[in-house]
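Beneath this line is the structure, given in structure tokens, with notes to follow.
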Amino acid sequence: MKLRSAYPSKTLGAVLTASILLVPSVAWGQSLTSSANPPSGGAGVNNSYLTGSGFPAGTITGATVHLGASCATPQVASGPVSQVTTQGVLRRFQFLIPASVTPGTYKVWLSGTAGATAFNTLNTPSCSTITVTANVTGTASLGAAISGGSVTLVDSNGVTRFATTASDGTFVLDSSGLTPPYLVRVVTNSPSGNFSAGTTFYSVSADSNVSTHINVHALTDLMVRSFYSAQGIDPDTAFASPLGPDAPPTPLAVQTLANLVIPAAQLWLNNAGVNAIPDPPSNGAINLISSPFIAYPPGVTPPSGLDAVLHLITADAVNPVSGTVLGITFVNGTITETLTPSYPGGGSITVNTTTTNTANGGSTSSESFSGLALTPAQQSVVDGINASLAIFANIVNTKGGALTGNDLLPAYAPDYLNDGQNASQAANAFALENAGMFTVNSLKVFSLKSLDTVNNVADVLVAYDISASGQEQTGHDFEIIFKNEGGTWLQYGDQQITQVNANSESRTSEGKDSISVRQPGLYFQTDIGAFVNVLTSFGVTNITVSGGGSIWNGATSASLFHQPQLLKNGQTFDVFGRLSQALTLATIPPPGTTFTFNFTTGSFGSPAYKATNNAFTTERSVIFANVTAGNGPLSSVVGKTVTYTWPLPLTYAIGQVHLSVEIQDGVFDAATHSCSFSSTNQLTPTSTSGTLNIPADMSACGGGLSGAIQQLSVFLEIDGVNGEEGIVDLTYPF
Amino acid sequence: MVRPLPKPLILLLVLGCCSMVASADAIGVGLLTFDANTLTAPAAFDILNLTGANAFPPDFPFTTQLTISVTNLVANLQGGGTLTILGSRFTVVDPQGDLNCTVAGDAGSGGCDVAAYNILSATLTGTLSPLTGLAGLPAGDSGIASAFTTTITPNAGCGPNEGTATILTAGCDSAVVNATGIPRTSSVPEPSTWILSATALIGVLLACKVRARA
């Protein structure tokens, strides 16, 4: 049926005429307001909003703002729209002013898709005006907003700007014409809490943008003061004229500093729900310096966030002569953490922490973190290593699934040795494990752990960004030791046939432990556990450990016990281990104590290797909750699926929880074989239970083993993010 | 045979005649926004003036630029209590008459930053000028009232999972600022309205007439 046959033409014409007259006019293009609102803001720091109408119907996706000198291409910068909202016929677009834009006035236009219809306001054409200012914003807090504080910014040329903090601790400084990096100082003009008027906090820019955000608080103060103290420079002197050797830390150096301070405050950051990272903020993670935060007024307890952490700082002592931070104290109820930096020389920084909990009989955890104050003089080292990493990444990406050890071999020093592997073995192992598995987006130096300028050896933490199966993965805990050989920084390894470990551990033994002669049952001790796994091919016959004082059964050294051989990944290792005598808070060596391991080998001479102990905890809460003493024959677990439960420790931030079982085919000596299996379920730092599939016999180890399991140990490790180790050893039969 | 006009179409025509008249009382002149991470503060209220060069007829019809003056903004806080931001903290920030809260510092201490507060809603009161001689004034109105009041509440789509939050969300929530149109005092319909009504009625009557002949 045709419409025209149904209605007389005059009727249809009248209806259409009436409709055209009555329907409100339709916008045929998009129109934006004359100015963005707010009409000005700092590049890379502030948001602004575009408002307009006439957009096609449907959800707007992929919206992008473009900035240009005029309302026409070419653009000078662009950035994503972070949010689109609707208010009647209006659409409102939130965007962060692109960081790359220099100060000035720009026209802004929008492109994107509404529903299935692409739009570009340049087609109307319609643009808004925005003025990009150069400014430094920030928030100053000492656990309460610093109101009326005197703010001074000095750039890398010594040019200064001044401001006063608002009641909420915020401040804004005009940074036009300045050259980053910047140092910022805030001096309080009134007392607050335990802090007197005149308290001085320093901070530094975390990026190289002219416009940026710089928070100022006790943790940024620790970073800046530590940077200069490690070089023997008074931070007050450097701030007065930050030129030459007194130059402010670069963004990379700031990352290194943050990598020391964040783990030191990890317990409190975790409790406050703060995911702090040394890198630029992303995906909900904040940067202590460059992420805006709310500073609450005096007298208000912050409910969460960074200010909740700062609010717990009850003392921040500074040496009035040297400007060095003496200690920072956090207090929350029965738990107190004291953070003490030290500067052993050579630009090194060590941050020691001690956390005590007076509840439940008292317990203590102690940690130590070390790194370098990365000065401009070391930049050439970083640049050289970054160049080598870029070549390595290029080889991996170019070869893809065809990657071989020979492809990678040029990245390894000819005298490479790392935990028993030479260059060919290491290159082959890397290629075998990773060929075609991922694309390297970037590899670059994250921080220098140490630098030996005599032998040109650098211990580096590498930041990586890789894509695997469409997923991007990033991290900065990839440790590589480089050596400059022939002008090129090559992977050098640790020059050891194996790693040696001297771990401070809070150990609970349950069941029958054959290592020491003691009665079955519950047994707790804090000790140093010295352990070495070394390939049998090196023919190691004896290892002695020394260090930490007379803690080795009353002596200053002792031989490690030659324990059952371990089968792992098709290789067989000689295992040596020993626990120190039970130690107390007063006698346990502090974190960072050096232990020496002297080897007697059949094929590698008599090397001596060193290790330092980790953070320690005396907390005793790491224990299996569902085990009854005297009720553990082998038959109760062998060949069975068994679930274990436990409570979590309270005095340290938990990094990982691991449950495993080690099975053995004989008594606890070198003639016995063993292998290990992890829990069937993936455990997280909050896991309080796990399940083990315990093999029926030794054939599960491979290597041609067979026969009955004679003894097995179930291990639970609850490690802190900063190296604390709580361990349970439950040995069957008992 | 000619079919009669369907009833829904007749209803549409009648509603079309009424639409312009019904919108005359509330006339859009601006947008109260709750902005995030601006030059002023992590969270602050701003007012976008949608008159003059920023007009979007017919919803924001005034091509004569109005001056918006703020008396105050009273925020209702979660858990009770209010927070008052005085009009003196709002400043004209561009030639289009946009009016932003620009005083640094916590809103409880004389500034504009409300980041530390959970706000259930906020009511903005103020005045507009000029009141007469406005280009774009809807037919049937002789001018606008000086006083205006606008309340911003959590918008749909601004909450978790694009739902509605219980408190305002910086960077997302907004509310239209309306002027109140003052109807002409004449008790008879305006000529323009008569013309529109007559046009529609002609169409309807024509259809009825055709139907009768059939």
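About the Cα centre of the range A:376-491, how large is the charge dipole given +1 on each Lys and Arg Cβ and -1 on each Asp and Glu Cβ? Please answer in debye to the nearest 20.
180 debye
Can you give the mean number of other chain Cβ atoms that lie within 10 Å of the Cβ atoms in peptide A:29-37?
Mean partner shielding for this stretch: 6.
Roughly what % antiparallel, to the nearest 5, for the DSSP beta bridges in the protein assembly as shown?
Around 95 percent antiparallel, to the nearest 5.
With axes computed from alpha carbons, what is the tilt in degrees of helix A:379-399 against the longest principal axis of chain A, rounded to the nearest 10 within 0 to 90?
The helix A:379-399 is inclined about 90 degrees to chain A.
Of the peptides A:647-659, A:432-444, how do they stack up when ordered by the mean number of other Cβ atoms within 10 Å, highest first?
Highest mean packing first, the order is A:647-659, A:432-444.
Mind ranking A:490-499, A:583-592 by how tightly packed they are, going by the mean number of other C-beta atoms within 10 angstrom, highest first?
So the order, starting with the most tightly packed, is A:490-499, A:583-592.
Other chains' Cβ within 10 Å of A:47-53 residues: what's the mean?
Averaged over the peptide's residues, the number is 5.
Taking amide H atoms as placed 1.01 Å from N in the peptide plane, list the residues 5 or more away in sequence, or in a different chain, whose amide H sits under 5 Å from that of A:Gly138.
For A:Gly138, whose amide H was placed from the backbone, the distant partners under 5 Å are A:Phe171, A:Ile214.
Could you tell me which residue out of A:Gly529, A:Gly570, A:Ser603 lies farthest along the dipole of the range A:500-732 toward its positive end? Charges go on the beta carbon: Lys and Arg +1, Asp and Glu -1, centred on the Cα centre.
Most positive-ward Cα: A:Ser603.
Using +1 at the Cβ of each Lys and Arg and -1 at the Cβ of each Asp and Glu in the protein assembly as shown, identify which of A:His673, A:Thr594, B:Gly133 lies farthest towards the dipole's positive end.
Highest projection toward the positive end goes to B:Gly133.
Using only helices, what value at 222 nm comes out for chain A when you add -39,500 (n - 2.57) per DSSP H run of length 4 or more and divide by the total residues, to the nearest 500 deg cm²/dmol? Numbers along the way, then the final one.
Details: 10 runs with 98 residues, N = 734.
Rounded to the nearest 500, the figure is -4000 deg cm²/dmol.
With only alpha-carbon atoms in the gyration tensor, what are the semi-axes of the equivalent ellipsoid for the range A:303-387, in Å, largest first?
The answer is 32, 15, 15 Å, longest axis first.
Could you work out how far helix A:9-22 tilts from the main Cα principal axis of chain A, as a 0 to 90 degree angle to the nearest 10?
70 degrees
Amide H of A:Ala653 versus every other amide H placed in the peptide plane: which residues, excluding those fewer than 5 positions away on the same chain, fall under 5 Å?
It is A:Leu267, A:Val721, by chain and number.
Compute, for the protein assembly as shown, the length of the dipole vector about the Cα centre, with Cβ point charges of +1 (Lys, Arg) and -1 (Asp, Glu) only. Units Debye, rounded to 20.
3820 debye
Which Cα, out of A:Tyr343, A:Ala423, A:Ile328, lies furthest along the positive dipole direction of the range A:303-454 (beta carbon charges, K/R +1, D/E -1)?
About the Cα centre, the residue reaching furthest to the positive side is A:Ala423.
Please work out whether the range A:500-732 counts as rounded, prolate or oblate from its C-alpha gyration tensor, where a ≥ b ≥ c are the square roots of the eigenvalues and a/c under 1.5 means rounded, while otherwise a/b larger than b/c means prolate and anything else oblate?
Oblate, since a/c reaches 1.5 and b/c is not below a/b.
Using the 10 angstrom Cβ neighbour count as an exposure proxy, how do A:Thr356, A:Thr188, A:Thr237 rank, fewest first?
Ascending number of Cβ neighbours within 10 Å: A:Thr237, A:Thr356, A:Thr188.
Taking amide hydrogens as modeled 1.01 Å from N in the peptide plane, which residues meet the under 5 Å criterion relative to A:Ala43, leaving out close sequence neighbours?
The list, which skips near neighbours in sequence, is A:Thr133, A:Asn135.
Binning every alpha carbon pair distance of chain A at 10 Å from zero, what are the percents per bin?
Taking all Cα pairs of chain A, the binned fractions are 3, 12, 18, 21, 19, 12, 8, 4, 2, 1, 0, 0 percent.
Please report A:Leu153, A:Leu267 as a ranked list, fewest other C-beta atoms within 10 angstrom at the top and most at the bottom.
Ranking A:Leu153, A:Leu267 by Cβ neighbours within 10 Å, fewest first, gives A:Leu153, A:Leu267.
Exceeding 22 Å between C-alpha atoms, which entries from my cross-link table qualify? They are A:Lys399/A:Lys449; A:Lys449/A:Lys610; A:Lys449/A:Lys483; A:Lys483/A:Lys610.
Too far apart for the 22 Å limit: A:Lys399/A:Lys449.
Please compute, for peptide B:103-115, the average count of beta-carbon atoms on other protein chains lying within 10 Å of each residue's beta-carbon.
The per-residue average across the peptide is 5.
Note down the magnitude of the dipole of the range A:500-732 about its Cα centre, charges +1 on Lys and Arg C-beta and -1 on Asp and Glu C-beta and zero elsewhere, to the nearest 20 debye.
Dipole of the range A:500-732, to the nearest 20 debye: 120 debye.
How large is ³J(HN,Hα) for each residue in the range A:703-717, as worked out from phi by the Karplus curve 6.51 cos²θ - 1.76 cosθ + 1.60 (θ = phi - 60°), to whole Hz, x for Gly and Pro?
x, x, 6, 7, x, 7, 7, 9, 7, 8, 10, 9, 10, 10, 10
Apply the a/c threshold of 1.5 to the C-alpha gyration tensor of the range A:187-272 and tell me whether it is rounded, prolate or oblate.
Since a/c reaches 1.5 but b/c is at least a/b, the shape of the range A:187-272 is classed as oblate.
Starting from the Cα gyration tensor of the range A:376-491, take the square roots of the eigenvalues, sort them a ≥ b ≥ c, and report rounded, prolate or oblate (rounded when a/c is under 1.5, otherwise prolate if a/b is larger than b/c, else oblate).
Numbers: a/c = 1.98, a/b = 1.31, b/c = 1.51.
In terms of gyration-tensor shape, oblate.
Treat the count of other C-beta atoms within 10 Å as a stand-in for reagent exposure and order B:Ile167, A:Ile480 from fewest to most. Could you put the intermediate results ahead of the total?
Values: B:Ile167 18, A:Ile480 21.
Listing B:Ile167, A:Ile480 from fewest to most nearby Cβ atoms yields B:Ile167, A:Ile480.
By how many degrees, 0 to 90 and rounded to 10, does the Cα axis of helix A:423-434 deviate from the longest principal axis of chain A?
In chain A, helix A:423-434 runs at an angle near 50 degrees to the longest axis.
Mind listing the phi-derived Karplus ³J(HN,Hα) values for the range A:68-82, rounded to whole Hz, using 6.51, -1.76 and 1.60 with θ = phi - 60°, and x for any glycine or proline?
The phi angles translate into x, 5, 9, 7, 6, 5, x, 7, 9, 6, 8, x, x, 7, 8 Hz.
Bear in mind that the values in this text are calculations on the coordinates, not laboratory data. Bear in mind that the values here come from a model prediction, so they are computed numbers and not experimental data. Note: ideal-geometry Cβ built from the backbone for every residue, glycine included; neighbour counts use all protein chains shown.
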